[in-house]
Every structure is written in C-alpha cells, then in structure tokens.
Amino acid sequence: MRTPIIDTSRTPAAGRIALFVVALVAALLIIPFTAMAGAKAAVSPLFNKPGNVLISDQYNNRLIEVTRSGKIVWQFGDGSAVAGPHSVVGVNDAQRIPGGRTLIAGTGVPAGAPSPEPSAGAADNRVFIVNAAGKIVWRYGMAGVTGAGPNQLNTPVQATYLPNGDVLITDQGNQRVIMVTPGKKIVWQYGKTGMAASGRDRLNNPNSAELLPNGHVLIADENNNRVIEVTMAKRIVWQYGAPKSAKLSGAAFASRLPSGDTLITDSNHNRIVEVTMSKHVVWVYRTNTRAGSVANPLPTRAVRLRNGDTLISDQYNNQVILVTHAKKIVWHDGQIGVAGSGTGMLNGPYDAKVIGDYTGLTKP
C-alpha cells in the first residue's frame with residue numbers, strides 16, 4: 001500500500017523446492033469455468049486463457065481478468081467498500097492458482113485515498129482463495145478486523161501461493177512476512193510483529209515477498225528502501241538499497257529473474273530497475289516520462305514475462321502497461337491519468353499478472 005501505516009521457524013525440506021516445478025506445470029492445467037462474483041453468469045470460453053491479464057483494480061474494489069482486446073471475462077468484487085463474501089476492498093494482489101482458483105489479498109482502502117469513497121477508511125485484512133464461481137474456499141484474516149492474533153492481519157498487501165499449499169503473506173501493518181499453512185498455522189515469520197525497524201529480523205512496511213528455489217525469501221522492504229534475501233534462519237544473504245541509501249525509495253515489489261538478476265519496482269522514484277547480483281543496474285524504465293503521465297504515478301508492480309517484456313502496474317496513471325526491453329509500450333489497459341470504472345478504465349491498479357506466465361516466481 002502506498003500510504004504509511006498509522007516465532008516460529010522451520011527449514012524447508014529439499015522437496016519444497018523441487019515442488020516448484022510441479023506447481024508451475026499444475027498452474028497450466030486449470031479447468032476453464034467461471035461465473036461473476038455474487039451472481040450467476042454464463043461460462044466464458046475465454047476464462048483462464050493463457051495470455052489474459054489478471055488486474056487488481058484497487059480503488060474500484062474489484063479483481064478482473066481481461067483479454068488482450070480489453071474484454072472482461074471474469075471478475076471478483078462487486079465494488080462495495082465493505083468486505084464480504086462477494087466483495088474485496090482495496091485489492092492489492094492476486095494470482096491464479098491450480099484448480100481454477102484465485103489467491104487474493106484484500107488490503108482495504110485508507111481514509112483519504114483517491115478511491116470512489118475517499119473518506120471510507122475501510123479495512124479488509126483478508127487473504128483468501130476463491131473458486132472459479134467466485135466462492136471463498138479458504139481465508140486467513142477476518143473481514144474488517146485489524147489485528148495480529150491468530151487468524152488476524154493488518155494490511156496484507158501481497159500473498160504468494162507455495163507449491164506445498166502454504167501461503168506466504170506480506171502482512172504490512174504488522175511489519176512481518178508470515179508463512180501460513182492451509183490449517184492457518186504460522187510456520188515461519190520474518191520481522192517482529194508490530195515493530196518497524198531495519199536490523200536483523202526487522203522490517204518497515206514490507207510490500208512483497210516470494211519464496212526462491214533455494215529456499216530463501218526475497219522481500220521488498222518498502223520503507224527501509226531496500227530489497228533483501230533472507231534464509232529460513234533469518235540471515236540476510238543479499239541486499240540492494242538501505243534505509244539511508246538513495247538507490248531505492250519505496251521498494252514496492254521485487255522478483256528474482258531466471259538470469260539471477262532482480263527486478264525491483266522503485267515506486268517513489270517512479271521507475272522499474274533490474275539489478276545484477278553484484279548490484280549493477282542493467283535496465284531502467286521510468287513511468288512518469290511518457291506522454292500524459294501524472295507527476296508521480298508511483299508504480300507498484302513489475303513482472304518480467306517469458307518473452308522478456310515487462311508488465312507494469314502504473315498505479316496513479318491508472319494503467320497497466322506491457323513494455324518491451326527496448327522500452328516500447330505494446331499493450332495497455334486503462335486510460336493514462338484518468339480514473340474510472342467503465343469499459344477500458346481502471347482506478348489505481350496495484351497489481352497485474354499474465355495468466356500462465358506467473359505462478360509466484362517468474363521462470364522461463
């Protein structure tokens with residue numbers, strides 16, 4: 001979330017990492033079936049088609065799946081500012097997972113945000129899974145309840161589905177990343193609950209986390225202006241940026257690429273950067289220098305696709321854009337600088353992923 005927020009541990013077995021391959025294959029074996037959330041609808045033959053784009057349309061309080069022609073073929077969220085069985089408030093993150101299901105992070109909309117109901121200050125605080133028919137089949141966190149106790153979250157901005165069925169949750173307001181089992185047990189945590197800091201086992205407004213093939217976790221530690229790779233024993237083994245460094249400002253998202261480079265959404269600098277393990281910048285794309293851009297669009301997600309293009313959620317430009325390595329925009333959804341909920345319009349899109357090209361780790 002781009003606004004300030006007013007242990008147990010285990011070492012993964014080798015089998016956890018090996019299961020990534022199984023999960024990547026299984027993610028493509030999803031049965032095409034859907035219905036709009038909260039209402040009966042005809043099954044779209046275009047649902048879950050590889051190449052479609054899943055967009056977290058934050059301030060429209062909805063998650064949509066669109067074709068490359070811009071047609072909405074699936075939706076969860078009825079636009080309500082009250083979290084419920086058919087609604088999601090301030091959706092910040094989503095990914096399609098095996099079995100025709102979708103993992104969603106419902107963050108909530110802070111008071112004063114540029115949303116349809118700007119004074120609502122509505123909490124959601126749930127990470128949940130819905131089936132293709134829009135029914136919630138698993139949930140961690142309680143609708144509208146803010147907390148740090150069992151089955152409670154505080155501004156969960158991102159969630160990643162793991163090969164063994166666990167879910168890695170970036171619980172931003174609680175200053176932690178947690179790994180939760182299907183039985184809702186926390187089996188790993190990085191960051192001390194409720195304590196914003198920059199030392200070992202400390203985070204400050206974390207905004208994303210992903211499990212790497214080596215069993216480590218890559219964390220975008222937003223307000224510490226850094227991306228860190230940590231072991232299950234909570235040792236930092238790689239870092240880019242630092243609390244007092246100018247390299248990053250507002251590290252909103254990070255993903256380890258097959259090449260070993262790390263793709264980082266450097267939100268407050270309005271740019272996407274790719275850095276090597278030796279910390280050399282090898283690619284930069286600035287979203288505020290294109291025609292029609294607002295001064296500070298604060299991009300929130302950048303995902304590298306198999307073909308080398310980069311899908312960017314350019315939040316306050318109200319667009320999702322697909323950019324080539326040569327920095328040419330080859331696809332977009334939403335109208336630049338214009339917020340709306342009509343056909344071809346978005347309102348503060350926070351996350352976007354291509355169906356069949358993202359399963360929690362970007363791989364070739």
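Considering the stretch 233-246 alone, what residues qualify as being part of a loop (DSSP other than H, G, I, E, B), more than 19 Å from Gln172 (Cα to Cα) and at pLDDT 95 or above? Outline the logic, then answer.
Taking the stretch 233-246 first, the residues part of a loop (DSSP other than H, G, I, E, B) are 233-235, 242-246.
Those left that are additionally more than 19 Å from Gln172 (Cα to Cα): 233, 235, 244-246.
Ala233, Arg235 - these are the residues of the stretch 233-246 that are part of a loop (DSSP other than H, G, I, E, B), more than 19 Å from Gln172 (Cα to Cα) and at pLDDT 95 or above.
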Filter pass, Ala254 being out of contact with any Ser or Thr (no Cβ under 9 Å at 6 or more places or on another chain) and within 24 Å of Gly173 (Cβ to Cβ):
no
Scanning the stretch 204-232 for residues that are within 22 Å of Asn174 (Cα to Cα) and either hydroxyl-bearing (Ser, Thr, Tyr) or assigned to a loop (DSSP other than H, G, I, E, B) (or both), which turns out nearest to the chain's Cα centre (by Cα)?
Ser208
Residues being small (Gly, Ala, Ser) and more than 18 Å from Phe76 (Cβ to Cβ) - total across the stretch 104-122
6
Please enumerate the residues belonging to the stretch 144-171 that are small (Gly, Ala, Ser), closer than 21 Å to Asn205 by Cα and surrounded by fewer than 24 Cβ atoms within 10 Å (Cβ to Cβ).
Gly144, Gly147, Ala148, Gly149
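Report whether or not Arg16 is within 19 Å of Gly165 (Cβ to Cβ), in a loop (DSSP other than H, G, I, E, B) and modelled with pLDDT under 50. Quick ask: steps written out before the conclusion?
On the way: within 19 Å of Gly165 (Cβ to Cβ): yes; in a loop (DSSP other than H, G, I, E, B): no; modelled with pLDDT under 50: yes.
When the stated conditions are applied, Arg16 does not pass them.
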With the structure loaded, tell me whether Ala254 is out of contact with any Phe, Trp or Tyr (no Cβ under 8 Å at 6 or more places or on another chain), surrounded by 13 or more Cβ atoms within 10 Å (Cβ to Cβ), of a type in the set (A, V, I, L, M, F, W, C) and assigned to a strand (DSSP E or B) or whether it fails that test.
yes
Every pair of residues 6+ apart whose Cβ atoms lie under 8 Å, when the first sits in the stretch 166-183 and is part of a strand (DSSP E or B) while the second is of a type in the set (Lys, Arg) and surrounded by fewer than 24 Cβ atoms within 10 Å (Cβ to Cβ)
Arg176/Lys192
Somewhere in the stretch 146-154, is a residue among the hydroxyl-bearing types (Ser, Thr, Tyr), outside any loop (DSSP other than H, G, I, E, B) and over 19 Å from the mean Cα position of the chain (by Cα)?
yes
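The values are calculated or read from the model by the stated rules, or taken from the named source; none is laboratory data. Everything numeric here is computed off the predicted structure, so don't read it as measured data. All Cβ positions, even for glycine, are placed from backbone atoms using ideal geometry, and neighbour counts span all protein chains on display.
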